[in-house]
Amino acid sequence: MYHTPIQKRVLTVEDISCFGKCSTTVALPILSAMGHETVILPTAVLSTHTGGFTGYTVRDLTDDIRPISEHWKKTGIGFDCIYTGYLCKGRQVSLVSELIDRVSDENTLLVVDPAMADNGKFYWGFDADHAADMMKLSKKSAIATPNVTEACFMLGEEYPENGYDRAYIDGLIERLVKAGCRSLVLTSVHCGGEYGVVGYDADENRVFSYFHERIDAPIHGTGDVFTSVMVGYVLSGKPLEESARLAADYVRETVRVTYPYLAEHPYGLLFEKTIGRLIPKDGE
Ligand code: PXL
């Protein structure tokens, strides 16, 4: 019921940061541009995102999650994909897990981006308890997309402040898989002067990587743009490795386009300048 065979339907579960280009306000335009039907579950409404702003407002919508999902269940609304991102700390994570159980079936692809930390530090308000909750949710997913910091914190490990090599990244992936994760795409990997992603495709039991030159620009929401594009390609039928590579190329190009404007536009990527290239050509 309520399924359109011409489109994939994806539910995004994350906050709305009214200003700042992250979470829902990037996932929605990107997934729509890629031809997918989007449904949103806002988990909180913030006046801005929490990176580089002070005094922002937060309206936690935890108490709306159960009634919304119960209504969807009653109405017969289902999803090809559920993609979770930034979630509030505490019982929200278990309510999101309950929502996933309520509205997904065996064909629903669960993608978890445990957005909570970067560059060795938690975002404002998060801690080791939240990392443990995100690990639990990631173990439920078909694909998880932590950055290196999030991967360390989910494992209860210290972030390697003094750098790391490729063997360390392979070890992180091994430990995440041993702990119960399935496919993984580790983002923001910087080894040997290069920057990129290292993934593990659980269906093929194979590690893959994609590196390119580093563009130094710590811009909030970059991970959200990456995962949204990757999910879009996976839903279009592309294999995980190709989807991750295409998403990394898109992010690299968008960072390059944003870079000259960083002084006036430091709070997010100028993805509006590049989104056109995500639109499928006729017949795709
Ligand atoms: O995924 C990035 C993100 C999403 N939502 C909020 C944030 C951030 C990063 O800081 O603050 C509210």
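Quick note: the coordinates plus some simple rules give every number you see, no bench work behind them. As the structure is a prediction and not an experimental result, all values here were calculated from the model. Note: ideal-geometry Cβ built from the backbone for every residue, glycine included; neighbour counts use all protein chains shown.
Tabulated values for the structure
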{"quantity": "Under-5 Å amide H pairs with T43, H placed in peptide plane, nonlocal only", "calculated": "E14, D15, I16"}
{"quantity": "For region 47-140, size of Cβ-based charge dipole, Lys and Arg +1, Asp and Glu -1, in debye", "calculated": "100 debye"}
{"quantity": "Amide proton proximity set for T48, modelled H, under 5 Å, gap of 5+", "calculated": "C18, F19, T57"}
{"quantity": "Length-normalised contact order for region 9-275 - Cα pairs under 8 Å, 6+ apart - percent", "calculated": "16 percent"}
{"quantity": "Compactness of region 9-275 as Cα Rg over 2.2 N^0.38 Å, two decimals", "calculated": "0.93"}
{"quantity": "Under the Karplus curve 6.51 cos²θ - 1.76 cosθ + 1.60, θ = phi - 60°, whole-Hz ³J(HN,Hα) for region 141-154, x wherever Gly or Pro sits", "calculated": "7, 7, 9, 10, 10, x, 7, 4, 4, 5, 4, 4, 5, 5"}
{"quantity": "Summed residue charge, Cβ within 11 Å of R66's Cβ, Lys/Arg positive, Asp/Glu negative", "calculated": "-1"}
{"quantity": "Sorted largest first, extent of region 118-245 alpha carbons per principal axis (Å)", "calculated": "36, 33, 28"}
{"quantity": "K121 paired with T75, simple spin-label distance in nm, labels 7 Å along Cα-to-beta-carbon", "calculated": "4.1 nm"}
{"quantity": "Nonlocal amide H pairs with L109, under 5 Å, H built at 1.01 Å", "calculated": "C81, I82"}
{"quantity": "Listed residues L155, Y267, G76: farthest to the positive end of the dipole of region 9-275 (Cβ charges)", "calculated": "G76"}
{"quantity": "Percent of beta bridges antiparallel (DSSP, the chain, rounded to nearest 5)", "calculated": "45 percent"}
{"quantity": "Packing-based exposure ordering (other Cβ within 10 Å, fewest first) of F126, F19, F153", "calculated": "F19, F126, F153"}
{"quantity": "Point-charge dipole on Cβ atoms (K/R +1, D/E -1) for region 93-237, about Cα centre, debye to 20", "calculated": "180 debye"}
{"quantity": "Phi to ³J(HN,Hα) by Karplus 6.51 cos²θ - 1.76 cosθ + 1.60 over region 174-188, Hz, x for Gly, Pro", "calculated": "4, 5, 5, 5, 4, 6, x, 6, 9, 5, 9, 10, 7, 9, 6"}
{"quantity": "Helical contribution to [θ] at 222 nm, DSSP H n ≥ 4, -39,500 (n - 2.57), averaged over the chain, rounded to 500", "calculated": "-11500 deg cm²/dmol"}
{"quantity": "Whichever lysines have a C-alpha closer than 30 Å to that of K140, once near sequence neighbours (fewer than 8 apart) are set aside", "calculated": "K8, K21, K73, K74, K89, K121, K178, K238"}
{"quantity": "Taking M230, M134 and counting other C-beta atoms within 10 Å, the order from fewest to most", "calculated": "M134, M230"}
{"quantity": "Computed magnitude of the charge dipole of the chain (debye, nearest 20; Cβ of K, R +1, Cβ of D, E -1)", "calculated": "400 debye"}
{"quantity": "Estimated vicinal HN-Hα couplings, Hz - region 24-32 in sequence order (Karplus 6.51, -1.76, 1.60; Gly, Pro = x)", "calculated": "4, 6, 9, 4, 4, x, 5, 5, 5"}
